[in-house]
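Visitor: Here you go, one structure.
Please treat every number below as a calculation from the coordinates, not as lab data. Computed from a prediction, not measured in an experiment: that's the story for all the values here. Cβ atoms come from the backbone with ideal geometry, glycine included; neighbour counts cover every protein chain shown.
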Amino acid sequence: MKSLSIIGGALWYEFRMQIRRPSIWIVLVLVSAMVYLLWYAFAAPLVHGHLRTEVNPPQYVPPSQSDAVLFLAQMMGMFMPLGVGLVLADRLARDHKIRVDEIFDSFSSSFGARLLGKYLGCVLATLIPVLLIYAIGIGYTLSQVPGAQGLLLALETFAAIPLPGILFVAGFSIALPAIIKVPLYQFLFTGYWFWANLMSPRFKIPTLTGTMLNAAGPYAQEAFFHFQWIFLQLNIGVLQGIESVTLLIGLGLLAMIGVWGYLRWQKAHR
């Protein structure tokens, strides 16, 4: 019970600290601008319908609520974890810089419980603007193509496509800056994100894009919703989608376990 109380206290403290930071709103709004520019550029025909002129006679294709929602979830999965990773990178480093960690260490509370509370609080606070940004696109889609089933699909697609990637990068973005400088991590993380998740296989450069480690969500998207990712055709089943989601979330948690062990070792050798 004491550990749960410590986790809850750390979660609430970190949530309040994170949700009040202007930087998380600024960064995520800037990222969302790119998301919505790309989404509307490609998904406008899905929302409003379009005329197929390549056939004779031309045919009108009606709007598709499900495809518009899935395409929005795809764009969110491609770019929102990048913004989340950048804004979470200073959480542990900031505690050390302003010596808050020394105050916490003077308490009898478990360091592991505090670290778990920090992770949960930071992630939950950062998800608030992400969900609000996602809701704007879903609200617009439902206003143009009404149907209550779109709301359920929106919840399912968010949980399956962008959320595992967000949890994955959150773990590493909180953990690794405890070892390397925050600006260096942010630079390396940005390069990693585009190389490992958004690089097209046609460039013939070795990449993780076509693997289960792609944190932008192509495995979940195709496995659960049968919606092809922007430049991948995986031909996979539901089991592979579950494996990819489990792997991403598990690796994010493993990063937190790793930094917990490293910081305990560091404190023992001071």
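Visitor: State, to one decimal in nm, how far the label point of Y40 lies from the label point of Q228, with both points 7 Å from Cα in the Cβ direction.
Guide: 2.7
Visitor: How long are the semi-axes of the equivalent ellipsoid of segment 138-270, taking √(5λ) for every eigenvalue λ of the Cα gyration tensor, in whole Å from largest down?
Guide: They are 32, 19, 15 Å, listed from largest to smallest.
Visitor: Along the Cα→Cβ direction, 7 angstrom out, place labels at L4 and R16. What is the inter-label distance in nm?
Guide: It is 2.2 nm.
Visitor: Pick from A154, A196, A44 the residue whose mean-square fluctuation is largest in a GNM of the chain, springs joining Cα atoms under 10 Å.
Guide: Fluctuation is largest for A44.
Visitor: Let me ask something else. Rounded to the nearest 500 deg cm²/dmol, what is the calculated helix-only ellipticity per residue at 222 nm for the chain, with -39500 (n - 2.57) per DSSP H run of length n ≥ 4? Intermediate values should be presented prior to the final figure.
Guide: Details: 11 runs with 197 residues, N = 270.
Per the formula, -24500 deg cm²/dmol.
Visitor: Among I249, I179, I166, which comes first, second and so on when ranked by fewest other beta-carbon atoms within 10 Å? Show your work: numbers first, answer last.
Guide: Values: I249 17, I179 14, I166 27.
The fewest-first ordering by Cβ neighbours comes to I179, I249, I166.
Visitor: Which of these, L127, L92, L152, has the largest mean-square fluctuation under a Gaussian network model of the chain (Cα springs below 10 Å)?
Guide: Taking springs between Cα atoms under 10 Å, the residue moving most is L152.
Visitor: Would you calculate the separation in nanometres between label points at I242 and I136, each defined as 7 Å from the Cα along the Cα-to-beta-carbon direction?
Guide: About 3.7 nm, to one decimal.
Visitor: Would you please put 136-144, 63-71 in order of how densely packed they are, using the mean number of other Cβ atoms within 10 angstrom per residue and starting with the highest?
Guide: On the way: 136-144: 17.1, 63-71: 21.2.
So the peptides 136-144, 63-71, ranked by packing, come out 63-71, 136-144.
Visitor: Rounding to the nearest 20 debye, state how big the charge dipole of the chain is about its Cα centre with +1 on each Lys and Arg Cβ and -1 on each Asp and Glu Cβ.
Guide: Details: 17 positive and 11 negative charges, 190 e Å.
So the magnitude is around 920 debye.
Visitor: A further question follows. Taking the Cβ of each residue in F194, F79, F111 as the centre, tally the other Cβ atoms inside 10 Å and list the residues starting with the fewest.
Guide: Going from least to most buried by this count: F194, F111, F79.
Visitor: Have a look at N235, N197, N214 and tell me which one the Gaussian network model of the chain (Cα, springs below 10 Å) gives the largest fluctuation.
Guide: Of the options given, N235 has the highest mean-square fluctuation.
Visitor: List the relative contact order of the chain as a percent without decimals, with contacts defined as Cα pairs under 8 Å and 6+ residues apart. Could you put the intermediate results ahead of the total?
Guide: Values: 343 pairs, mean separation 65.1, N = 270.
Result for the chain is 24 percent.
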